[in-house]
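See below for the structure under consideration.
Every number here is computed from the coordinates shown, using simple stated rules; none is lab data. Note that the structure is a prediction, hence the values are computed from the model and not measured. Here the Cβ is made from the backbone with ideal geometry for all residues, glycine too, and neighbour counts use every protein chain on show.
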Ligand code: SRM
Ligand code: SF4
């Protein structure tokens with residue numbers, strides 16, 4: 001096994017505080033791309049260089065360069081925007097990108113298709129709206145996600161506050177973002193010492209989620225750190241700490257695997273909670289694999305050294321013992337569509353946003369409708385890890401007028417008429433922008449679901465809320481390994497079929513059939529639904545049934 005540092009390690013260390021040669025790359029008008037090393041550095045500023053894969057081959061045959069553009073991802077801890085910020089995002093998307101606003105599986109927004117010269121104006125415009133994209137990509141802590149729906153609990157605001165505090169705590173200290181994109185003057189004397197990230201940052205990306213039981217809408221166990229809010233007598237008393245979750249695997253590389261986070265204890269009090277999170281990162285910084293990026297996530301560090309070792313090392317660094325984990329129970333992992341009221345009497349409408357794509361279609365004028373809602377200034381916007389938007393914090397007196405806007409743009413009808421399986425589905429971006437896609441994701445799943453719906457009807461299963469997810473490659477961006485039915489792309493038009501995940505995201509599914517085309521997928525599902533219908537136990541979910549029936 002090689003112990004040489006991976007090339008990205010050198011790029012990070014030599015990046016002069018994440019500056020690299022981005023400024024020079026931006027000035028280069030000969031190409032729409034940026035220098036190779038800068039492509040790694042720019043990720044820490046929340047951007048990816050991409051190219052339009054639909055035209056890649058055609059352009060190559062004409063000896064043309066790839067059609068480069070950039071994707072930008074916002075930092076939105078807990079997934080919250082004010083109405084003014086939504087309007088700004090809408091306008092920026094229209095002026096600078098493809099126009100589609102993409103809600104991600106980590107509760108934030110992405111814009112695609114920015115050409116190089118539009119990056120700076122985009123970041124400036126976001127900055128005016130008090131939004132940034134710092135550290136949403138790269139080997140660093142990413143967007144901190146939090147249970148989305150305030151109906152969930154009276155302590156929602158307090159827990160949501162933690163997502164902001166954690167995000168702040170784990171931000172890089174460099175001013176590179178402000179200098180490069182916002183023309184902040186470079187002050188030579190300014191020290192940029194970063195005790196957490198030093199100059200090497202983390203060995204790999206790092207993800208944190210906070211769940212408020214009984215809903216695991218954030219898929220808390222799929223994260224490097226999962227915090228499970230423990231509530232007693234309507235008060236937040238602290239969090240159970242889970243570490244070492246991560247989903248990616250690489251086809252053909254048996255050293256890689258999805259792993260759910262292990263719950264290692266309970267921690268109370270803001271100071272101790274933040275200290276604990278911080279030190280989990282320092283352990284990963286110091287012990288994570290910096291040679292092989294495929295084995296560099298915290299889950300591999302944990303499995304290499306052992307959970308007990310990890311706990312001891314953590315307790316040494318934090319200076320106190322973790323308490324034994326408290327009991328908790330998850331009963332769901334879903335979004336509560338339609339209207340709901342929270343404990344303060346404020347109203348929330350969760351809009352079904354298929355695969356998180358906010359755009360106007362013939363059926364539903366989602367983008368125009370949300371803009372009109374925002375213009376009333378009577379609602380905020382919250383995003384969910386199931387890729388939906390919640391029109392939020394609406395006062396009783398304003399509810400009827402918001403309802404009228406949602407109806408006029410067919411948003412209510414779209415949300416109410418979608419089938420259960422569609423409303424519980426998710427797909428990753430994949431083609432045409434993702435450079436790693438082997439198969440389609442969000443462009444294909446909706447049509448596949450249209451073919452699965454009649455099967456469900458035939459077996460009288462249409463009211464079942466089965467969690468179904470698809471990704472265009474094994475990286476797992478739509479978390480297919482914790483779905484009841486998961487599709488993982490292997491080649492164009494081919495998917496591995498995984499079944500047997502539970503409904504709450506507490507058990508990984510298993511590979512059931514390999515590299516199926518559409519006809520085979522539908523045949524397999526037909527058989528699965530038939531078995532389920534005839535052999536299931538009372539109230540048994542499809543995932544539990546499949547696990548019991550096929551793998552035990
Ligand atoms: Fe992801 C890489 C999209 C959530 C695991 N992911 C990518 C890239 C950036 C491709 C790349 O490296 O160039 C994709 C950009 C596509 C595009 O054109 O937009 C991409 N990931 C997404 C999003 C947008 C999917 C979506 O449709 O919503 C999600 C953005 C989340 C966010 O807002 O930050 C997204 N990615 C996830 C998740 C789910 C999660 O975090 O809950 C996972 C699995 C969980 C995990 O991290 O283990 C995930 N993405 C990956 C990986 C594998 C990481 C690993 O451990 O090996 C990669 C590839 C990599 O990092 O090398 C990846
Ligand atoms: Fe791209 Fe693969 Fe992630 Fe889908 S799962 S967005 S194809 S990296």
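Assuming R0 = 35 Å, what is the FRET efficiency of residue 55 and residue 526, from their Cβ-Cβ distance, to the nearest 0.05? The pair residue 55/residue 526 has a calculated efficiency of 0.45.
Can you classify the stretch 326-365 as rounded, prolate or oblate using the Cα gyration tensor, where a ≥ b ≥ c are the square roots of its eigenvalues, rounded means a/c under 1.5, and otherwise it's prolate if a/b beats b/c and oblate if not?
Working: a/c = 4.04, a/b = 1.68, b/c = 2.41.
Oblate, because a/c is 1.5 or more while a/b does not exceed b/c.
For the stretch 38-57 versus the stretch 127-182, the inter-centroid distance based on Cα atoms is 22 Å.
Divide by every residue of the chain the summed helix terms, -39500 (n - 2.57) for each DSSP H run of at least 4, and state the resulting mean residue ellipticity at 222 nm, rounded to the nearest 500 deg cm²/dmol. Can you show the working numbers first?
Details: 18 runs with 188 residues, N = 552.
It comes out at -10000 deg cm²/dmol, rounded to the nearest 500.
As a calculated quantity, the FRET efficiency between residue 303 and residue 5 at R0 = 25 Å, using C-beta atoms, amounts to about 0.75. Max-minus-min Cα coordinates of the stretch 276-341 on each principal axis give 48, 32, 19 Å, with the largest extent listed first. Beyond 16 Å, the tail of the calculated P(r) for the stretch 24-79 holds 52 percent of the Cα pairs.
Give me the number: length gained by fully extending residue 16 to residue 376, i.e. 0.36 nm times residue separation minus the C-alpha to C-alpha distance, one decimal in nm. Write down the numbers at each step before the final one.
Working: separation 360, 0.36 × 360 = 129.60 nm, distance 4.49 nm.
Separation in residues times 0.36 nm, less the Cα-Cα distance, equals 125.1 nm.
Would you mind calculating the gained length between residue 128 and residue 178 on full extension (0.36 nm times residue separation, minus the Cα-Cα distance), in nm to one decimal? Write out the running numbers ahead of the final one.
On the way: separation 50, 0.36 × 50 = 18.00 nm, distance 1.26 nm.
That pair, residue 128 and residue 178, stretches by 16.7 nm at full extension.
Take every Cα pair under 8 Å whose residues are at least 6 apart in sequence, average their separation, divide by the length of the stretch 430-552, and the relative contact order is 21 percent.
Taking 25 Å as R0, compute the FRET efficiency from the Cβ-Cβ separation of residue 539 and residue 340 and round it to 0.05.
Numbers: r = 24 Å, r/R0 = 0.97.
Efficiency for this residue pair is about 0.55.
One decimal place: the segment residue 413-residue 117 gains 102.6 nm when fully extended, by the rule 0.36 nm per residue minus the C-alpha distance.
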